[in-house]
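One structure is given here, and the rest of the page talks about it.
The values are calculated or read from the model by the stated rules, or taken from the named source; none is laboratory data. This is a predicted model, so every value here is computed, not measured. Virtual Cβ from ideal backbone geometry, glycine too; neighbours counted across all protein chains shown.
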Amino acid sequence: MLKHTVTLYLSTVLIWGSTFFAIKFQLGEVPTEVSVAYRFALATLILMVWCWLRGLPMRFGFRQHLWMLGQGLTLFGFNYLVVYWATSDLTSGLIAVVFSTIVLMNIANGALFFGKRTTVSVLAGALIGLVGICFVFLPELSSLEVDGTTLKGMLLSLLGTFIASLGNMVSTRNQQANLPVVQTNAYGMAYGSAALAVIALIQGVPFNYEPTLAYTSSLLYLALFGSVLAFGSFLTLLGRIGAERAAYAMVLFPIVALGISTLFEGYQWSLEAAFGVTLVLIGNILIIMSPGRFKRFYQVFRPAGSRAT
C-alpha cells in the first residue's frame, strides 16, 4: 500500500511538473480556452475508450451526475479558465507561488466541509513549503510592482486556486460516496470540456487548430499524461492520504518544472532558489511524516530547557 501511494505521489509531481514545458507548445494560433477544451475532450475520449475496453460500469443516477458535474466544473473547467486569464497579468512563476497556497486552502476547506482537523506536522510542512516556493521565485516577487493589473492577476490566481480546492473537496466527497475515480473523471472531464467550449462560443473565440508536430504532440501529452494519468493518480492519492497531504504535490511540481527548464531552457539557479528547494523538501518530509514520528522528532530536537524534568 505504501509503495503504491509513493508511486502515485511521484507520478503526480513528475507529470504535472513536466506539463509547464508542454503548455509552452500550446501557446500560439489556438486560443487558450479552446486548447484546454481540446485537452479535456481528448482526455474524455481516452477515458471513455478505456472504460469500454475494461467493461467498467458507466450508468449512474442523476444525483451522482450532478456531483460529477461539480467535479468537472471545478477541477477540469473554471479553475483552468481563471488561471489562464491570470497569465495575461502575471508571470507563470508568480502564478505557481499563488497556486501553491492550495495546501492551506485544502486544510481550511477540509475542516469546514468535513470537520477534519489537521496535524502539526502537516501545517508546519505546508508553511515551510510555501516559504520555500517564495524563495525559489524570489526574483519575480522582488520585482513585483503592485498596480491594478497585478492585483487583478493575483485575485484571479487566488480565485482559480480556490475553485481547484473546492474541486478537491468535491472529489473527496465523491470518493467517500464510493463513486469510482476513473468513471467520475471521464464524465467530469466531459462536463468540464463542454463548459469551456460553451464559454469560448459565447466569447466568439474561433475553434481553429494548429497542424504542427509540436502542438499536436504536446496536446496528446497533456491529455494522456497531464490529464488522464496525473489527475487519476492525484485524486486516488487524495482519497488515500487526504486533501491537505495530497495538495502538497502542488508545491513540489514547480520544482520539477524548474529542473526541466534548467535542462532545456537554460534556467540559472541562484542561492535563494537552492535554499527554497531545500525548504520545500523539508516541508515534504513533514507533510508525509506520521504524527507519531513527528512527535518523536520534536522531542529529540526541541530545546533542552523545554523538556520535562
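Considering region 70-106, and only residues there that are part of a helix (DSSP H, G or I) and of a type in the set (Val, Ile, Thr), the residue that is surrounded by the most Cβ atoms within 10 Å (Cβ to Cβ) turns out to be VAL103.
Of all residues in region 8-44, which are closer than 17 Å to LEU222 by Cβ and surrounded by fewer than 16 Cβ atoms within 10 Å (Cβ to Cβ)? Result: LYS24, LEU27, GLY28, GLU29. Looking at LEU123, LEU127 in this structure, which one is within 18 Å of the chain's Cα centre (by Cα) and either crowded, with 23+ Cβ neighbours inside 10 Å or at pLDDT 85 or above (or both)? One residue alone meets the criteria, LEU127. Regarding region 111-134, can at least one residue be identified that is of a type in the set (Phe, Trp, Tyr), within 17 Å of ALA273 (Cα to Cα) and in a helix (DSSP H, G or I)? So far as region 111-134 goes, no, none of its residues is of a type in the set (Phe, Trp, Tyr), within 17 Å of ALA273 (Cα to Cα) and in a helix (DSSP H, G or I). Annotation: of all residues in region 169-193 being surrounded by 19 or more Cβ atoms within 10 Å (Cβ to Cβ) and small (Gly, Ala, Ser), the one that is nearest to the chain's Cα centre (by Cα) is SER171.
Residues that are loosely packed, with under 14 Cβ neighbours inside 10 Å, of a type in the set (Gly, Ala, Ser), modelled with pLDDT under 80 and within 26 Å of LEU10 (Cα to Cα) are absent from region 203-222. Sub-6 Å Cβ pairs linking a first residue in region 9-24 that is farther than 8 Å from PHE253 by Cβ to a second residue that is polar (S, T, N, Q) and assigned to a helix (DSSP H, G or I), at least 6 apart or interchain, are SER11/SER233; ALA22/SER218, ordered by first then second residue. The number of residues in region 260-294 being small (Gly, Ala, Ser) and at pLDDT below 85 comes to 4. Looking at the structure I just gave you, is SER142 crowded, with 17+ Cβ neighbours inside 10 Å and of a type in the set (Gly, Ala, Ser)? No, not satisfied.
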